[in-house]
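*Asks:* Can you keep this structure in mind? I'll have questions shortly.
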Amino acid sequence: MKYISTRGRIDPVGFQEAVMTGLARDGGLLIPQSIPRVTDRLDQWRRLTYVELAVEIMALFADLERAELDPLVRRSYVSFASPEVTPVVRVGPVHILELFHGPTLAFKDVALQLLGNLFEHVLRRTGGELNILAATSGDTGSAAIHGVRGRDHMQIFVLHPAGRVSPLQERQMTTVLDANVHNLALTGSFDDCQAIVKMLFNDLEFRDRYALGSVNSINWARILAQMVYYFYATFRVQDATGAARVRFAVPTGNFGDIFAGYLAARMGLPIGRLVLATNENDILSRFFATGEYRKGPVRLTLSPSMDIQVASNFERYLYYRGGESARQVNTWMDQFSAQGSLTVPLEGGAGVDGLIVGGRGTTEETLAVIRRYQEKEGYLLDPHTAVGVQVGEAHLHPDEPMICLATAHPAKFSEAIVRALGRDIAHHPILDALRNLPTRKENLPADVDAVRAVLVRTLDHRVKPA
Ligand SMILES: *Cc1c(COP(=O)(O)O)cnc(C)c1O
């Protein structure tokens, strides 16, 4: 499979390059040149384990033999606490797809465990080094660190705003003492961290000399890994209910997770609706109601991983929504950078999209859903998942079971649980054990030269002289 850009100004690239580069050189996002239809294979795939299914799906998009993919995928998911990797459980009126059984207890592990193995595989083939640079406000940093810790030929530098990530999320990063993991605590905001990462990536000479790489949510391999559980969950719920079609409710921030579901539907998976759920940062739910995509201020909520205004993967959706036209994407993106908004015409009675419907959950609603599910069903939802359940419940259909994606374990967000229930009942042994472990981090000013100096100091003996 080759990959093209949503902006249409690059020659197609192979899978390995797509995984190693992230953003396309014309500023667009990489997408597969075609989307395979798999309707004729669904009944055969239904009988596969999670790992077997992942190998089949990935073989369609990666230029890797099954014999190479199989051990790579298997290794990626041995660290998951459930043998099913992403089990589905029936809870009241919905089915919960538990995506939080990986090492950092958030759904980002599903993609980042695989990505670490893919990087390693490519580096073994091509030689060379990869130095990952990332900014985080919480979940991504720890999942990325756990994806590459202890691997050869790879270093990871994660910038977080000192004192502004939750103490628990900080410990999930700084207790990882592998020599290739570098936590940098910057005196500044998350935006400062992100701006410094951008500056270093935009310094092309520096980026090439130090082989900088990225793990951010636009990386194609992350989308690919996330497609698998839409298939897996559809099969499990169809087995349990006999339904012909299912619906998914997806707590959404950067539009990566739900985009994977969108592609699965385009491949022929029988999805009746994709329910896009946002918190008060509702640019995307407003878009799917009105066709207007307009930036607003970022508000802090109980579901911080969804506190996002501009969704980095949204451009991929626009490509398909605009009839697979790069020219249309360019027009819309130019409009968005000039005016801070873009408008997509509505499709007759079907609204913006016949498949995706949006909705939002407020802080009060999120707390109420957590309370209700704990009291009535004895099931504890994390605040991100609760937003999805809240919005999903508004789109229940008698013939299409609703599968709600559970994107984090509630113990990661125990302050929200205490606020909802008045009791501190969200715990997990992995997180409790972090309390007594030694930590390592380096404190730095929020200054690009200070960060550059750490990279140079750490990497200089590894790179060949220019
Ligand atoms: C990242 C994240 C999300 C949002 O996923 P996107 O792919 O950015 O839409 C939702 N919930 C949790 C817990 C997350 O970490």
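*Asks:* Using alpha-carbon pairs under 8 Å, 6+ residues apart, how would you state the relative contact order of segment 322-412 in percent?
*Replies:* On the way: 67 pairs, mean separation 17.9, N = 91.
Taking the mean separation of contacting Cα pairs over the length of segment 322-412, I get 20 percent.
*Asks:* With the Cα gyration tensor of segment 267-401 in hand, give its eigenvalues times 5 under a square root as the equivalent ellipsoid semi-axes, listed largest first in whole angstrom. Present the calculation step by step, with values, prior to reporting the outcome.
*Replies:* Details: eigenvalues 169, 74, 25 Å².
Equivalent ellipsoid semi-axes, largest first: 29, 19, 11 Å.
*Asks:* A follow-up question, please. If the chain between Glu68 and Ala81 were fully stretched, how many nm would it gain, using 0.36 nm times the residue separation less the Cα-Cα distance? Don't jump to the answer; show the numbers that get you there.
*Replies:* Working: separation 13, 0.36 × 13 = 4.68 nm, distance 2.39 nm.
Gain on stretching Glu68 to Ala81: 2.3 nm.
*Asks:* Note down the Stokes-Einstein diffusion coefficient of the chain in µm²/s, whole number, using a Kirkwood radius over alpha carbon pairs, 4 °C, and 1.567 mPa s.
*Replies:* The diffusion coefficient I find is 57 µm²/s.
*Asks:* Just the number, please: Stokes-Einstein D of segment 144-194 in µm²/s, Kirkwood Rh from C-alpha pairs, 25 °C, 0.890 mPa s.
*Replies:* On the way: Rh = 11.4 Å.
For the chosen part, D equals 215 µm²/s.
*Asks:* Could you work out how much longer the chain between Leu346 and Glu52 gets when fully extended? Use 0.36 nm per residue separation minus the Cα distance between them, nm to one decimal. Could the numbers behind the result be given before it?
*Replies:* Working: separation 294, 0.36 × 294 = 105.84 nm, distance 3.98 nm.
So the extension gain works out to 101.9 nm.
*Asks:* Compare Thr86, Thr301 by solvent-accessible area with a 1.4 Å probe and give them largest first, with all protein chains kept in place.
*Replies:* Working: Thr86 0, Thr301 30 Å².
Final ranking, largest accessible area leading: Thr301, Thr86.
*Asks:* Enter the accessible area of Lys376 (Å², nearest 10), with the probe set to 1.4 Å and all protein chains included.
*Replies:* Lys376 exposes around 150 Å² with every protein chain in place.
*Asks:* Between Gly358 and residues 5 or more places away or on another chain, which pairs have amide H atoms under 5 Å apart, with H built 1.01 Å from N, and which residues are they?
*Replies:* Leu276
*Asks:* Let me have the 222 nm mean residue ellipticity of the chain computed from DSSP H runs of 4+ only, each contributing -39500 (n - 2.57), with the sum over all residues rounded to the nearest 500.
*Replies:* Numbers: 19 runs with 201 residues, N = 466.
After summing the helix terms and dividing by the residues of the chain, the value is -13000 deg cm²/dmol.
*Asks:* Out of every Cα-Cα pair in segment 103-212, what percent are more than 20 Å apart?
*Replies:* Values: 2404 of 5995 pairs.
That fraction is 40 percent.
*Asks:* Now a separate question. Relative contact order for the chain: what is it in percent, counting Cα pairs under 8 Å that are at least 6 residues apart?
*Replies:* Details: 898 pairs, mean separation 84.6, N = 466.
The value is 18 percent.
*Asks:* For segment 84-146, list log₁₀ I(q)/I(0) at each q in 0.20 Å⁻¹, using the Debye formula over Cα point scatterers of equal strength and ignoring solvent, two decimals each.
*Replies:* -0.84
*Asks:* Using a basic spin-label model with each label point 7 Å from the Cα along Cα→Cβ, how many nm lie between Arg452 and Leu396?
*Replies:* 5.8 nm
*Asks:* Return the aspartates and glutamates within reach of Lys2: Cα separation strictly under 13 angstrom, same-chain partners fewer than 8 residues apart disregarded; answer none if there are no such residues.
*Replies:* Asp11, Glu17, Asp63
*Asks:* Continuing with this model, one more query. Amide H neighbours of Thr407 under 5 Å, counting only residues 5+ apart in sequence or on other chains, H built in-plane at 1.01 Å?
*Replies:* Amide H neighbours of Thr407, under 5 Å, 5+ apart: Thr385.
*Asks:* Right, another one. Kindly point out which whole DSSP H helices in the chain project their C-alpha atoms 20 angstrom or further along the helix axis while averaging a Kyte-Doolittle hydropathy of -0.5 or above. Walk me through the numbers on the way to the answer.
*Replies:* Working: long enough: 108-126 (27 Å, 0.04); 220-241 (33 Å, 0.26).
Those that pass (Cα extent of 20 Å or more, hydropathy at least -0.5) are 108-126, 220-241.
*Asks:* Just to be sure I follow: if Rg is taken over the C-alpha atoms of segment 212-276 and Rh is the Kirkwood radius over the same atoms, what is Rg/Rh? Spell out each step's value before the answer.
*Replies:* On the way: Rg = 12.8 Å, Rh = 12.5 Å.
The Rg/Rh ratio comes out at 1.03.
*Asks:* How would segment 174-317 be classified by its alpha-carbon gyration tensor: rounded, prolate or oblate, with rounded meaning a/c under 1.5 and the a/b versus b/c comparison settling the rest? Before the final figure, lay out the partial values.
*Replies:* Values: a/c = 2.12, a/b = 1.59, b/c = 1.33.
It comes out prolate by the Cα gyration axes.
*Asks:* Once the principal axes of the Cα atoms of segment 329-373 are found, what is the range along each, listed largest first in whole angstroms?
*Replies:* Computed over the Cα atoms, the extents are 45, 28, 12 Å.
*Asks:* For Lys295, list the lysines whose Cα falls under 24 Å from its own Cα; do not include residues on the same chain fewer than 8 positions away.
*Replies:* Lys295 reaches Lys198.
*Asks:* Based on the alpha-carbon set only, what is the convex hull volume of segment 26-145 divided per residue, in Å³?
*Replies:* 180 Å³
*Asks:* At q = 0.22, 0.26, 0.28 Å⁻¹, work out log10 I(q)/I(0) for segment 269-322 with the Debye formula, treating every Cα as an identical point scatterer and leaving solvent out; two decimals please.
*Replies:* For the requested q values the scattering log ratios are -0.93, -1.16, -1.25.
*Asks:* Oh, and also: If you count only protein heavy atoms and use a 1.4 Å probe, how large is the accessible surface of Thr6, to the nearest 10 Å²?
*Replies:* Ignoring ligands and nucleic acids, Thr6 comes out at about 0 Å².
*Asks:* Give me P(r) over segment 342-466, computed from all C-alpha to C-alpha distances, binned every 10 Å, as integer percentages.
*Replies:* So the P(r) values, bin by bin, are 10, 25, 19, 19, 18, 8, 1.
*Asks:* Once amide H atoms are placed 1.01 Å from N in the peptide plane, what residues at a sequence separation of 5 or more from Thr187, or on another chain, have their amide H within under 5 Å of its amide H?
*Replies:* Amide H neighbours of Thr187: Ala162, Leu444, Ala446.
The values are calculated or read from the model by the stated rules, or taken from the named source; none is laboratory data. All of these numbers come straight from a predicted model, not from anything done at the bench. Neighbour counts run over all protein chains shown; Cβ positions are idealised from the backbone, glycine included. Surface accessibility is based on the protein's heavy atoms, side chains included, excluding ligands, DNA and RNA. Shrake-Rupley method; radii C 1.70, N 1.55, O 1.52, S 1.80 Å.
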